[in-house]
1. Can you pull out the residues in the stretch 603-637 that are open to solvent by 80 Å² or more (accessible area, probe 1.4 Å) and part of a loop (DSSP other than H, G, I, E, B)?
2. Looking at the stretch 118-128, is at least one residue within 42 Å of the chain's Cα centre (by Cα), in a loop (DSSP other than H, G, I, E, B), without any contact (Cβ under 8 Å) to a residue 60 or more places away in the chain and surrounded by 13 or more Cβ atoms within 10 Å (Cβ to Cβ)?
3. If a residue has to be closer than 24 Å to Tyr265 by Cβ and open to solvent by 70 Å² or more (accessible area, probe 1.4 Å) to count, how many in the stretch 182-197 make the cut?
4. State whether the residues of the stretch 352-371 include one that is surrounded by fewer than 19 Cβ atoms within 10 Å (Cβ to Cβ) and either under 17 Å from Tyr453 (Cα atoms) or polar (S, T, N, Q) (or both).
5. With respect to Tyr428, is the statement that it is open to solvent by 70 Å² or more (accessible area, probe 1.4 Å) and either modelled with pLDDT of 95 or more or part of a loop (DSSP other than H, G, I, E, B) (or both) true?
6. Starting from the stretch 522-536, take each residue that is without any contact (Cβ under 8 Å) to a residue 12 or more places away in the chain and list its partners that are among the polar types (S, T, N, Q) and open to solvent by less than 20 Å² (accessible area, probe 1.4 Å), counting only C-beta distances under 6 angstrom and pairs at least six apart or across chains.
7. Under 8 Å between Cβ atoms, which residue pairs at least 6 apart in sequence (or on different chains) link something in the stretch 602-627 that is farther than 18 Å from Ser659 by Cβ with a partner that is part of a loop (DSSP other than H, G, I, E, B) and open to solvent by less than 10 Å² (accessible area, probe 1.4 Å)?
8. Out of the helices (runs of 4 or more DSSP H) lying entirely within the stretch 435-522, which hold 1 or more residues that are in contact with a Ser or Thr (Cβ under 7 Å, 6 or more places away or on another chain), modelled with pLDDT of 90 or more and open to solvent by 30 Å² or more (accessible area, probe 1.4 Å)?
Amino acid sequence: MAAPLAQAGLCVHRNSKLVIKKLEQLCLQRSFAVSSALSQHAADSKPGSAEEIVIPKKKTWDKLAVLQALSSTVNRDPTAAHYMFQDDPYLTPRTSTEFKIYSLSLESGRSAAKYIVNSYPKYFQKDYAEPHIPCLMPQAVEPLIEDVSEAALAERIQLRKVVAAIDLYDQLLQAGTAVSIEVTNDLLDLICFYGDADPKQSEEPEKEAEEVDETPKKPGRGSRKAADLIGRVWRQNNNAERIFKLMPEKNSRAYCALIRGMVKYGAFAKAFETYTDMLNNRLSADVHTFNALIRAAPEIRELYSERWELVLETLKHMEQQKVRPNLLTFNAVLKSLRLCGGLGKSQALTTLGEMKALGIKPSLATYHHILSIFYRAAATYRNPNKIMSEVIDELSGKSFTVCDPDDVLFFSNAMRVCLDLKDMELGYRLHACVEEGDNCQLLGEHYQKSIYYGRFFNLLCMMENVDIVLKWYRELIPSLYFPNSNGLRDLLQALDTDNRLELIPEIWKDIKQLGHANKESLVEEVLALMARDKHSPEVQQSFADCALAVKQVYEQGDGGRTVMNWTNSALGNITSILLAANRTQQAWTMLQLFKKHNRVPAEALLEDFVSSAQSTSSPQLAVQLVQLSHSFSLPVTARLAHRVAQEFQLSEAQKKTVSTLEASESSESSDSESSDSDSDSDTESSKK
């Protein structure tokens, strides 16, 4: 008894150090946070330390925190349309065009309801919402102050009534009432921002743009054609310039508003003239005005070097006036470098380095301009993937918010670069950036999203095998992307490359659902791929069913769309597909449509038809085929008649018919040859 106990004690003694060490490590792991807090508390409690740990009594959450948490638990349904169409399944879009129409209809309905509520607020005073929701209540859209006073002018400025504010300002001046400099500046800001006219309402028709000036000017010298601008342009001696001239004291704010308005509406040269006048009056501009001037610099110079010199001069003025540049300043510089030719590549990275040196974080628009400078269309590059790879390295794992209006252009432009480089790895990395956080919101409007996903899908079809392409196809369509006919054509080419043409009938159903069954080039490519090669009997039967569905679209149209016209290739391919599936009777029916639609069948198709008739032992069908060929006056008729007579067991009546057709065709061909020889001899005699 004592021996085992002694042995156990000896083992414990030997291993005691190891056990104690293990226990200490376990205690350290469990009490790491506590010990850190205690050490921090000890450090803070030292004499001379003013910092104290303040434990908040409650956590302040964002108003959308609960909704965001719930949203993170639900994944996107790739088979469903956009969430905005969930209320009315009848209006679920099938095509990109329908998406645009239906979404605009929804927005138009909201705008109409908002217009009614704001126009007749007295009928909508009952507040049913608990708690109160201010944005659902009627907004004041009509002025309440009717007298001619500065307060009435300020009210109209607040309500963005541009024309009414200008009229009231003129009335005040005519009455001899002085308008304060602050209200005058507000009025000038309003006029310059909205272009000397009331803001365009959604229910108002879009008016044609007016000319900048009646005097013709050279392109790039301070004016643009009205067709190049969206909406309004800067008119000569408009109300903004008139009110500016009437101001007794012109301050920096007035000059800045006028310059920004001129740049916004295309009067670039006049903006620089106004800036020069501002400098002569010893006034300083703000950063937003400098940003506008930098954007306008390439528009008033023709040579690339002169454009860049003007940008540098503007930046020097910023430094002299001690105006600190912001993100939009550097983005404006990079945007101007896009119009400076080869100077862009040499100065873009320097500008980006200066931007980071000032502690300004680049936005997506910054990288958009960088890519536009280094990756121009139809250009060759020494190390093409370097810049793009470095840009994606900068973006990986980051979530962005909109800081520049051009931010929404980055992803579609970056995917264009990946497509031009034919680099699938870069494409995947870029798409991972899109799926990071809320970056998908920066894809832009629906048109920009379609461009991005269209280029991504095109890259997939070009570089990946068909199984991966189909995986992405089911993932993107229709929840994120409605492919156009070019996208579906890329998919068909991917199926052809990997020899997976048996999937064409399934793709045809998607083509119909997506509203592209009336695109002749796409439909004919579907038929050509099915008719080109021979396949197993099961595949040929599915091809035949698909071909008959295409025939129905040609005859009846697709959902009220324009009915397509039959072509030789469409008729011939459908007939060949039906023959390959041993549907001879249906193929013969298709052959009759050639005559009906004034089309001529190909000789190879008639040869295939004879072979099909031979395999099914149908001499009568073969004779009818020779008669049909004779009715078209085809040169192959004699050869077909001879083949039918040699390879088929014909009755006496059928032999007589075939021999008659063969003799008739032979005589016609000999007559044509003799007439050709006579014409040749006549030509030679006339020459002599």
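1. Passing the criteria: Ser617, Ser633, Pro635.
2. yes
3. 1
4. Taking every residue of the stretch 352-371 in turn, none turns out to be surrounded by fewer than 19 Cβ atoms within 10 Å (Cβ to Cβ) and either under 17 Å from Tyr453 (Cα atoms) or polar (S, T, N, Q) (or both).
5. It is true that Tyr428 is open to solvent by 70 Å² or more (accessible area, probe 1.4 Å) and either modelled with pLDDT of 95 or more or part of a loop (DSSP other than H, G, I, E, B) (or both).
6. Final answer for the pair search is none.
7. Within 8 Å, the pairs are Glu603/Val636; Leu606/Val636; Glu607/Val636.
8. In the stretch 435-522, the matching helices (runs of 4 or more DSSP H) lie at 446-463.
The values are calculated or read from the model by the stated rules, or taken from the named source; none is laboratory data. Computed from a prediction, not measured in an experiment: that's the story for all the values here. Cβ sites come from the backbone with ideal geometry, for glycine too, and all protein chains shown count toward neighbours. For the accessible areas, the whole protein counts, side chains as well, though only heavy atoms, and no ligand, DNA or RNA atoms are used. Shrake-Rupley method; radii C 1.70, N 1.55, O 1.52, S 1.80 Å.
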